[in-house]
1. Which of the helices in chain B, when you take each full DSSP H run, stretch at least 15 Å along the axis at their Cα atoms and have an average Kyte-Doolittle score of -0.5 or higher?
2. Would you mind calculating the gained length between B:N56 and B:E491 on full extension (0.36 nm times residue separation, minus the Cα-Cα distance), in nm to one decimal?
3. Per residue of A:152-161, count partner chain C-beta atoms within 10 Å of its C-beta, then hand back the mean as an integer.
4. Per residue of A:28-37, what is the mean number of Cβ atoms on other protein chains within 10 angstrom of that residue's Cβ?
5. When the convex hull of the Cα atoms of the range B:443-512 is projected onto a plane and the area is averaged over all directions, what value comes out in nm²?
6. If the convex hull of the alpha-carbon atoms of the range B:370-514 is projected onto planes in all directions, what is the mean projected area in square nanometres?
7. Label the range B:293-370 by shape, choosing from rounded, prolate and oblate, from the square roots a ≥ b ≥ c of the eigenvalues of the Cα gyration tensor; if a/c is under 1.5 it is rounded, and otherwise prolate applies when a/b is larger than b/c, oblate when it is not.
8. Summarise the long-distance tail of P(r) for the range B:81-201 by giving the % of C-alpha pairs beyond 17 Å.
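Every number in this text was worked out from the coordinates using simple rules, so none of it is lab data. Note that the structure is a prediction, hence the values are computed from the model and not measured. Cβ sites come from the backbone with ideal geometry, for glycine too, and all protein chains shown count toward neighbours.
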Amino acid sequence: MIELNLTNLEDLARGTAFLATGGGGDPYIGKLMLKHQLEQGKKVKIISPDEIDDDTFACNVLTMGAPTVFGEKAPNGLTSYEAMKKVEEIIGKKFNAIMPIEAGGVNATLPLVVGALSGLPVIDADGMGRAFPELQMVTYNVGDVSINPLVVINDFYETGIFNSRNSSSGEWLSRAVCVRMGGICQVACYPMNAKQIRETSVHNTIKLSFEIGSLIQKARDDKNDPVEEIIKYMGKSNPPRVGKLLFTGKIDDLLRETVNGWTRGKMYLKSLNDKDTLLVEFQNEFSYAKLNDNKVLAMVPDLICALDSETGEPITTDSLRYGQRIKIVAVSVPPIMRSEKALKLFGPRAFGLPFDYTPLEDIK
Amino acid sequence: MFRIGVDVGGTNTDAVLMQGKEVVDGYKSATTEEPGLGIIKAVSTILNRNNIDTKNIESVMIGTTQFTNAFVENKRLEQVAVVRLGYPATVSVPPCIDFSDNLRKIIGENFWIVNGGYEFDGRLLGDWTTEEITKVAKEIKNKNLKYISISCVFSPINEQQEIDTAKIIKEHNPDAIITMSHRIGRVGFVERENATIMNSSLGKLADKVISSFKDALKELKIKSPFYISQNDGTLMSADIVKNYPVLTFASGPTNSMRGAGFLSKKNNAIVVDIGGTTTDFGVIKEGFPRESAIPVDIGGVRTNFRMPDLISIGLGGGSIIRENNNQVSVGPDSVGYKLDKEALIFGGKTLTTSDITVASGDANFGDKNKVEHISNDLITKSQNKIKNMIEEGIDRVKLNKDDVPVILVGGGSILVNGKLKGASEVLIPDHSDVANAIGASLAQAGGEIDKIYSYSEMGREKSIENAKNDAISRALQAGAIKDTIKIIELEEIPLSYLPSGSVRIHAKAVGDIF
């Protein structure tokens, strides 16, 4: 069990920014929400999926909407807990745990706020193992976990209940209500039992965030290269991951546009000796990296992260700027995210890319 | 007619005498506890030695870091009443949550989160009522709080609730000094509210400092109007600064950059300010510093107001040089103000960048004999390293691949000799030691806006027109002359996860004051 406190909160925030792979929304507000709970004396217990009882019944809670709105209009705070209670009411059964749907960005911290409010433990596992833009992009779907009942709620406790035909439809419908709710709403969905949690989620991702965050800080304090330390650490993570430094360079060109509500863009990096070029595309999060216009070095769902060359600080796509010195790091995802069914949900083709998935470690 | 530019910094108070576009004279003196005294000393010196009658002074412009320093040092700050309009939203993040413990103690816990605010599309959020605000106004009165901060969700889109709230509070508290967030920052609530609270906390000091400036000018028998420079390099009348001290927070680097641009007659350039310990790199675009797009921390508090986008590296005239395995490293540590004791040329024991510059013959100060033993190899390697560091800094602040003029200012500019990669030309202007005061004297006023528009409803052209007009009317309010106002910045940022056509527009207009 991990207990959150005001000191390791910083590590968590930095680690979730890493796992957000360029998107996921600014974790700053989420961090402040948690800080407020901890200062009130609230506790947040985080338990490993290996420790859960067979009668565990958990609800996924999250914030849906536009990061710009979230930055202006932080939520009421109690509403996500209310959304969860609404789900309980509909299915007639109480939850005894909370699940994060996402390991990166603001939705990695929000469930911990609900954990503080409800006193329920938060399970150290999630449905994305990183950040993804849409609700159906979760490993839960590999095990056919139902997204229903899908409850959305705003700051006035106005509630919408969806009984959708599938998770993609749930995403599509709730997103429309989200706009009418002022561009942001709180969501509870994907109720899960112990078996489903054990079998369909990505395990130990909160712990992963804590560890990534603390080792970036430690590397800075010890004057070591944080990026090197992250790569070394990945082999020791649980389950073991492969970390690769794909490229060191500076941003040479940046293109951005918004299509159907997604921020799409391309970042071109030039190596410091001017010889090589790396193209990294993003669709909210980074989706693939291609060397010298001919070789794809990494692709979704494997993580592609942009880190400040010197400090190792994760950089979001919003704050990319011409001339920035950046290291691009790729990290393999656990096997559960690489099954055929999973890749249909969030592999390259799900993002409209014209190629099939090749695992990071198979690309030489 | 003449103008006077003054820069009141933490250590020095500089004054310059300007005639049209000419720098007549400049003088540096020490900053005093009562800032007006330093001003009197510096200004009277340049007036006397140039035989100028104060009748011929048409205006005085002052740049100051007094407020920045006070905030960073947590000194001379006041308790603040924080009124937030946004309930039932925002309660998960109470005011001042990320301030240091010490600051929180000073500001106090006088918070009211009341019904109100707007949605991103301009609809009403909570139900704002006169009754609720009146109740708050009375509680503020009972608590005897004078400095009040009002922050409303999405006030950059609609400021009406902040204005209405301020009016009611003022009715019950006639002495209240009120700051409204829409006057301070842009979209990004926590950062904007933070800056508003910071501004309120400086209310008493602002009154004192501005009075001290006024007294100084009175003492000098200068009757012309005086202005204070704000973060973006434009000017505000002194009476406005009294209410918005926070808007001067970054005026120091801004003035130095604008002064550098003016002295070298460049409107678009990179300014490299090489001091004793650090070098700052910034960009001037159309004569104004490029602003930072990401939140800026001041005294540990995250804000989002208008700050020049600077990067700083540990390179200066006092940076320490080390040789290790045939590799040369420069900085980031420096002997700092002890240069005149610790550098080799001054009889010290530490090899610094200044020693290398003297040894190479590029500059002549201190005792050259003390650095004769330095090998040509070490000189070349060190100079190459310094040059690389500066070239990398230039490249990091550049907007695109094109070469641009580079202006070097500050005492450390002697470290650079010859061409720099990425620079179309390298300029070292005269009077660069008083660039800050010169920057302050460049008289322009500006206005800006940052709002979310719906292109699907209003159309792109009409939205942009609307944004431009709002920026222009704010520049007019700030004192700019109508015919001289130009739009110098226009930025459209499409928003993700919102209906296609929601775009945030940032527009900025500036014009001459005279």
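1. Taking the DSSP H segments of chain B (at least 15 Å long, mean hydropathy at least -0.5), we get B:35-49, B:189-201, B:203-219, B:251-263.
2. Contour length minus Cα-Cα distance gives 152.5 nm.
3. Per-residue shielding by partner chains comes out at 2.
4. Per-residue shielding by partner chains comes out at 4.
5. Approximately 4.4 nm², given one-decimal rounding.
6. 13.7
7. prolate
8. That tail contains 50 percent of the Cα-Cα pairs.
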